[in-house]
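Here is the structure we will look at, set down as structure tokens.
The values are calculated or read from the model by the stated rules, or taken from the named source; none is laboratory data. For clarity, every value in this text was computed on a predicted model and none was experimentally measured. Cβ coordinates were reconstructed from backbone atoms using ideal geometry, including for glycine residues, and neighbour counts include every protein chain displayed. Surface areas here come from the heavy atoms of the whole protein model, side chains and all, with no ligands, DNA or RNA. Shrake-Rupley method; radii C 1.70, N 1.55, O 1.52, S 1.80 Å.
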Amino acid sequence: GHSLSFDGSDDYVYFGDDDSFDFATGNFTVGAWINPASASQNARIVARGSTNTPGCYQLNINTSGGLRLSFYEDAQNPEGDYDSNNNAIQAETWQYLVLTRNGTTLKGYVNAVEVINASNSSDLTSAQALAIGYQPGYESHFNGLIDEVAIWNDALSAMEVATLYNSGNPLTAST
């Protein structure tokens, strides 16, 4: 297979707005394989809009080498960013990142290891665009390689995340 290369300054993939990217308060999963040029970058892997607009969700990495899951901040969800410990992300190596929400349980995984466990009940209904490699309307461009981005309208279990990580094969829509 072939991955997409992002230069960290102006490369991205734009999907526009589609209702299939809306999850309201329901379950969902976002996953992607990444190979970052640097583990210390404020970069978006998959972004449904900007964090200053309701309905946003993002799978990111932060400048401390951590996984970051980002949402719009409001009174219901005062923590817009959920960060793993530092150095969860490694430079110049492939790793599998996953964001899941099952009910209000939010989890983040790096290589099938749970690194974030929090609560989130954001309404993820939005007219914002979905993009890979940057935050629509802003910067935060990713520098490195991204492959096998997938979005499910269901929360994958820890076992399903591990299966994907260990096999490198995508799950069918029926699993």
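Looking at the stretch 146-167, is at least one residue without any contact (Cβ under 8 Å) to a residue 24 or more places away in the chain, open to solvent by 60 Å² or more (accessible area, probe 1.4 Å) and over 21 Å from residue 33 (Cβ atoms)?
no
Which of the numbered conditions does residue 63 fail, given that it passes all the others? Conditions: (1) assigned to a loop (DSSP other than H, G, I, E, B); (2) open to solvent by less than 70 Å² (accessible area, probe 1.4 Å).
Unmet condition: (2).
Quick check on the stretch 47-56. Is at least one of its residues open to solvent by less than 10 Å² (accessible area, probe 1.4 Å), more than 22 Å from residue 148 (Cβ to Cβ) and without any contact (Cβ under 8 Å) to a residue 60 or more places away in the chain?
The answer is no, given that none of the residues of the stretch 47-56 is open to solvent by less than 10 Å² (accessible area, probe 1.4 Å), more than 22 Å from residue 148 (Cβ to Cβ) and without any contact (Cβ under 8 Å) to a residue 60 or more places away in the chain.
So residue 117 clears everything in (1) part of a strand (DSSP E or B); (2) crowded, with 17+ Cβ neighbours inside 10 Å except one condition, right? Which one?
Against the list (1) part of a strand (DSSP E or B); (2) crowded, with 17+ Cβ neighbours inside 10 Å, residue 117 comes up short only on (2).
Matching residues to (1) over 30 Å from residue 2 (Cβ atoms); (2) aliphatic (A, V, I, L, M); (3) part of a strand (DSSP E or B):
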site	(1), (2), (3)
39	no, yes, no
87	no, no, no
96	no, no, yes
107	no, no, yes
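Could you list all residues from the stretch 4-32 that are in a strand (DSSP E or B), open to solvent by less than 40 Å² (accessible area, probe 1.4 Å) and not aliphatic (A, V, I, L, M)?
6, 16, 28, 29, 31, listed by residue number.
Taking the stated definitions as given, is residue 102 in contact (Cβ under 8 Å) with a residue 12 or more places away in the chain, at negative phi and either open to solvent by 30 Å² or more (accessible area, probe 1.4 Å) or not β-branched (Val, Ile, Thr) (or both)?
It is true that residue 102 is in contact (Cβ under 8 Å) with a residue 12 or more places away in the chain, at negative phi and either open to solvent by 30 Å² or more (accessible area, probe 1.4 Å) or not β-branched (Val, Ile, Thr) (or both).
Starting from the stretch 83-99, take each residue that is open to solvent by 50 Å² or more (accessible area, probe 1.4 Å) and list its partners that are of a type in the set (D, E, K, R), counting only C-beta distances under 9 angstrom and pairs at least six apart or across chains.
83/68; 94/147
If residue 42 meets every condition in (1) closer than 20 Å to residue 151 by Cβ; (2) of a type in the set (S, T, N, Q); (3) surrounded by 14 or more Cβ atoms within 10 Å (Cβ to Cβ) apart from one, which number is that one?
(1)
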